[in-house]
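Have a look at the structure below before the remarks.
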Amino acid sequence: MIQDIPKTFRNEYTPVDPQGDDIVFAFQGHTFLAKEKDGLLICPMYKEIQGRVQYLFAIGSTHYFLALDPQKSTKYDWLSVRTLRHTQPKTLQFAGATAYHLYTWYQKNQYCGCCGAKLEHSLHERAMVCPKCKNIIYPTIAPAVIVGVIYKDSICMTRYANRPYKGHALIAGFCEIGETPEQTVIREVHEEVGLKVKNIRYYKSQPWGFDSNLLMGFFCDLDGDPTITLQEEELAKARFIPRDEINDTYQDLSLTNEMICVFKKGDKI
Ligand SMILES: [Zn+2]
């Protein structure tokens, strides 16, 4: 999956001064500054970037920064953030998704929600602080579940309505305030496809910075009637697909894809 990288992700907040060879992510909306050649991604180094930067994290001995005043570059192009899903090296793919999550959070937290003053970067922790009322804002993560509903030798697969991703998906949804992830599983399955489930079992989790998520994967068994009632605003399609009709291949990226492939292989889940 995207987080399975060969070097250690170090996100403790120990800012260092940027050095010439450090990697800088410069985002603008849903794009970022980079170049892609034959599936290989290259991002700018600090020495190639003008303006202020914010320390993000380290992977192995490499430090990553966010450009605070992103500017056009003659050497790099503005590429869609989705480019990160199909480019190598894997470390840069994960770093980019995680940097995008932090960029999104910084973008949405420029002013204090209590008093309206301009927020400042904390010098001590990964947080924004209000100089006027001392309000502290920490990074926002949206927990969500991915659910593989199993019925006999088939799994409930979906396709989203109104989303750029057109591949197979599983039932998914955000955890609401006051509920456990297991309760989210029951509620989302019922809301999206009108089914009841039992034997809910945790599989694996995944940080998914593209949508500011922490995803938690669960498998469960259908409880009772297999008739699907589709929630049409959310899903374009949903049906139980037999194991031997699944043609998805393992992509080493998303939890959804891994869960589909694990079921297809017939592993014990
Ligand atoms: Zn304030």
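Worth a mention:
- Qualifying positions in the stretch 186-205 - within 20 Å of Glu233 (Cβ to Cβ) and touching a residue at least 40 places away in the same chain (Cβ under 8 Å): Glu188, Val189, Glu191, Glu192, Val193, Leu195
- Pick from the stretch 109-140, criterion more than 11 Å from the ligand (Cβ to nearest atom) and small (Gly, Ala, Ser), ranking: farthest from Asn213 (Cα to Cα): Ser122
- From the list Gly178, Gly217, Gly173, the lone residue that is small (Gly, Ala, Ser) and farther than 27 Å from Phe94 by Cβ is Gly178.
- Any hit, the stretch 239-255, residues being in a helix (DSSP H, G or I) and surrounded by 17 or more Cβ atoms within 10 Å (Cβ to Cβ): yes
- Restricting attention to the stretch 220-248 and to residues that are hydrophobic (A, V, I, L, M, F, W, C), under 24 Å from the mean Cα position of the chain (by Cα) and under 11 Å from Val189 (Cβ atoms), the residue that is modelled with the lowest pLDDT turns out to be Ala238.
- Residue in the stretch 125-142 that is under 24 Å from Asp252 (Cβ atoms) and either touching a residue at least 40 places away in the same chain (Cβ under 8 Å) or of a type outside the set (D, E, K, R) (or both) present: yes
- Thr74 being of a type in the set (Val, Ile, Thr), modelled with pLDDT under 95 and away from the ligand (no atom under 16 Å from the Cβ): yes
- Residue within the stretch 216-233 that is touching a Cys at 6+ places or on another chain (Cβ under 9 Å), of a type in the set (A, V, I, L, M) and assigned to a loop (DSSP other than H, G, I, E, B) present: yes
- Here Thr91 meets the list (1) crowded, with 20+ Cβ neighbours inside 10 Å; (2) touching a residue at least 60 places away in the same chain (Cβ under 8 Å); (3) of a type in the set (Ser, Thr, Tyr) almost entirely, failing just condition (1).
- Candidate set: the stretch 141-192, residues that are of a type in the set (Phe, Trp, Tyr) and within 18 Å of the chain's Cα centre (by Cα); chosen: the one nearest to Ala97 (Cα to Cα): Tyr165
- Hey, Leu84 closer than 22 Å to Leu40 by Cα, surrounded by 15 or more Cβ atoms within 10 Å (Cβ to Cβ) and not basic (Lys, Arg) or not: yes
- Selection of the stretch 1-14 for residues being farther than 13 Å from Ala95 by Cβ and surrounded by 17 or more Cβ atoms within 10 Å (Cβ to Cβ) yields only Met1.
- Close Cβ contacts (under 8 Å, 6 or more residues apart or on different chains) running from residues in the stretch 253-266 that are small (Gly, Ala, Ser) to residues that are outside any helix (DSSP H, G or I) comprise Ser254/Met1; Ser254/Ile2; Ser254/Gln206; Ser254/Trp208.
- Strands (runs of 3 or more DSSP E) completely within the stretch 106-201 that count 3 or more residues being outside the structural domain of Ile241 (by TED's automatic domain parsing) and among the hydroxyl-bearing types (Ser, Thr, Tyr): none
The values are calculated or read from the model by the stated rules, or taken from the named source; none is laboratory data. Just so it is clear, the model here is predicted, and its values are computed rather than measured. All Cβ positions, even for glycine, are placed from backbone atoms using ideal geometry, and neighbour counts span all protein chains on display.
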